[in-house]
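Reading through the structure tokens given below for one structure.
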Amino acid sequence: MRENNGGRKSSPFRKPSSEKRRDKFGRSDKIGTKFDKSNVSGRCGTRRENTISDTRPVGRFRGYRSVIIIDEVGNSGKKSREHEEFFGFAVSVTSKPDEFGALTDTNRWKKGGELKARDDTSASNRKRILRGVRGLGTKTYGYYVNKKNPPPEWEGDDRPKSVKVILDKVLDDVVPDTNGNVYVVVDDSRNYKGGIRDLIRNKSTADKKVDGDRYDSKDETYGDLLQTHDYVASAFHHHIFSGDKEGISILGMIVRKFPGRRSR
């Protein structure tokens, strides 16, 4: 793993800027990551300037300038079966977590808990929430694996381990795009029974504290964030499974595919 000047591990998908790749017309271009940019949607995969600036001195995220919310998309099974060709992670990065969570304050079951975006039958409401997410300056990302041509990290029968390796690489790509200290909220799943807090904390550097853990969507502290983020994850799901770009276009989402063995 390469070290940068700050002593932190650089993303395994980031190549030196001088490395070139040929496009389908034989032209070369400089690339900045190992992600398959032919599958980039939304903002064309360009690295954006970070605009997060508030210090968040009080509240549930005291001491953190940004919050990353992550949810799985698709089935984590090793092999591709019908309707299970992809697996990935949807990511939201916000400097306004309270406003982000409040976007869905009317979209919860009366007894508490999460009302899944897929159960929201109002297309206009889904679009309203996605526009609200982007209107807060939220950065959104989608990363996915094609099981028919997966990366080597996807191999092995220990599925939770493989999923955590992919999550680790997603964090390696997203965390450097944030300013200041970061808190990570991951929607809980059976793949995280062994815990992921250490994985998250390992992204800390001398000048950036990174902390977080897995949380249930019914969690009173972070459930609102996971509720809103479910709409982001649903938009990403619609894109990779059915080719529907409307949701990710509203969000301005960056979508990246992990390169498979045959694409190297």
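Read-outs throughout are calculated quantities, based only on the coordinates presented, and are distinct from any laboratory measurement. Note that the structure is predicted; figures quoted are calculated from it, not measured. Neighbour counts run over all protein chains shown; Cβ positions are idealised from the backbone, glycine included.
Annotations for the structure displayed:
- Derived scalar couplings ³J(HN,Hα) [segment 62-69; Karplus, 6.51 cos²θ - 1.76 cosθ + 1.60; whole Hz; x for Gly, Pro]: 3, x, 10, 8, 8, 10, 9, 10
- Between the amide H of Arg256 and those of Gly142, Tyr143, Tyr144, distances stay under 5 Å, these residues lying 5 or more places away or on another chain, with hydrogens modeled in the peptide plane.
- Between the beta carbons of Glu155 and Asp244, assuming R0 = 25 Å, the FRET efficiency works out to 0.25 to the nearest 0.05.
- Chain lengthening between Lys78 and Arg197 when straightened (0.36 nm per residue, less Cα-Cα): 40.4 nm
- For segment 168-264, alpha-carbon Rg over 2.2 N^0.38 Å: 1.22
- Magnitude of the charge dipole, segment 98-253, Cβ model with Lys/Arg +1 and Asp/Glu -1, debye to 20: 360
- Note on segment 158-264: Lys pairs 8 or more places apart or on different chains, Cα atoms under 23 Å apart, count 19.
- Between Ala206 and Glu220, the distance separating the two model label sites (each 7 Å from Cα on the Cα→Cβ line) works out to 4.2 nm.
- Sequence-ordered 3J(HN,Hα) estimates for segment 124-136 from the Karplus curve with 6.51, -1.76 and 1.60 and θ = phi - 60° stand at 5, 5, 4, 5, 4, 5, 4, 5, x, 4, 5, x, 7 Hz, glycine and proline given as x.
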